[in-house]
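Here, each number is a calculation from the coordinates, and none is a lab measurement. Bear in mind the structure is a predicted one, so any value in this text is a computation, not a measurement. Neighbour counts are summed over all protein chains in view; Cβ atoms, including those assigned to glycine, are modelled from backbone coordinates with ideal geometry.
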Amino acid sequence: MIAHKILIVDDEPSIRDMIKVALELIGFECIEAASAIEAMPLIVDERPDLVLLDWMMPEVSGIDLLRRLRREQGTQEIPVILLTAKADEQNTVQALDAGADDYITKPFSARELTSRIKSVLRRSEGMGNKDLITVEGLSLDPVGHRVYVHEKPVNIGPTEFKLLKFFMSHQERAFTRGQLLDQVWGSNVYIEERTVDVHIRRLRKALTSFDTKGSDLGDYIQTVRGTGYRFSATLAT
């Protein structure tokens, strides 16, 4: 079995050393960077399976690097866990909206960190379908990280992309807000369920505003009263 390769990006050597020791003990391969500037060429050349990224770093912050990774086609799909001392929900939402797959508040234990990493890797591999997904005028390209409505590209955020990918991969099934949080944001992320509603509204708006054929593709994201949401083109009007 090939070990997963983890890139640790933190300007504090003691934190990098602590994480590296903990991860290598359970079989991960680790590479290190002391800054976001140093990390970028490593990400391109080494193609890590996951990046552990400190938020607060000099010159270029971790969240700025994360946004760059999500903008560029070659790095959009690499899972990223942000490490930070910021603990409030607003910062958690900001991190996830920027495209983080998870968010860990310092200080953290080696056990929590390894659990989060394994969870993100499982979720990433579970949503790893590389084929174009097409449903009645709506297409999602997992490799190119693009969405098309009637063959025209749609600009949506990283969280909306992951949410739509999950929906299109699990059509005709109703999911509670809690289930969507677990599957799209991760079971270790502690944010309120109303966050799901915010991203559902953004996703519907994006699919509606780019529709040029007279139908409302935002209706594919259906509210299931008493449960949550379902993706269905069959029942949309």
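Each principal axis of the Cα atoms in region 5-126 has its own extent, and those three values, largest first, are 34, 33, 33 angstrom. Taking Cβ atoms as reference points and 13 Å as the exclusive limit, the residues near A22 contribute a net charge of +2, counting Lys and Arg as +1 and Asp and Glu as -1. Compute the Cα gyration tensor for region 47-119, then decide on rounded, prolate or oblate, letting a ≥ b ≥ c be the square roots of its eigenvalues: rounded whenever a/c is under 1.5, prolate when a/b is larger than b/c in the other cases, and oblate in all that remain. It comes out oblate by the Cα gyration axes. In region 149-189, which GluC sites (Glu not before Pro) are in a loop and have at most 11 other Cβ atoms within 10 Å, using DSSP for the loop call? Those that pass, being in a loop and sparsely packed, are E151, E172.
In loop segments of region 61-156 as defined by DSSP, the trypsin sites (Lys or Arg not before Pro) with at most 16 further C-beta atoms inside 10 Å of their C-beta are K86, K130.
Taking θ as phi - 60° and the Karplus parameters 6.51, -1.76 and 1.60, the scalar couplings of region 9-23 work out to 10, 7, 7, 9, x, 5, 5, 4, 5, 4, 5, 4, 4, 4, 6 Hz in sequence order, x denoting glycine and proline. Every pair of different Cα atoms in the chain enters the Kirkwood calculation, which places the hydrodynamic radius at 18.6 Å. Applying the criteria of a DSSP loop state and at most 10 other Cβ atoms within 10 Å to the GluC sites (Glu not before Pro) of region 13-116 yields E59.
Considered as an equivalent ellipsoid built on the Cα gyration tensor, region 133-231 has semi-axes of 22, 15, 12 Å, the largest given first.
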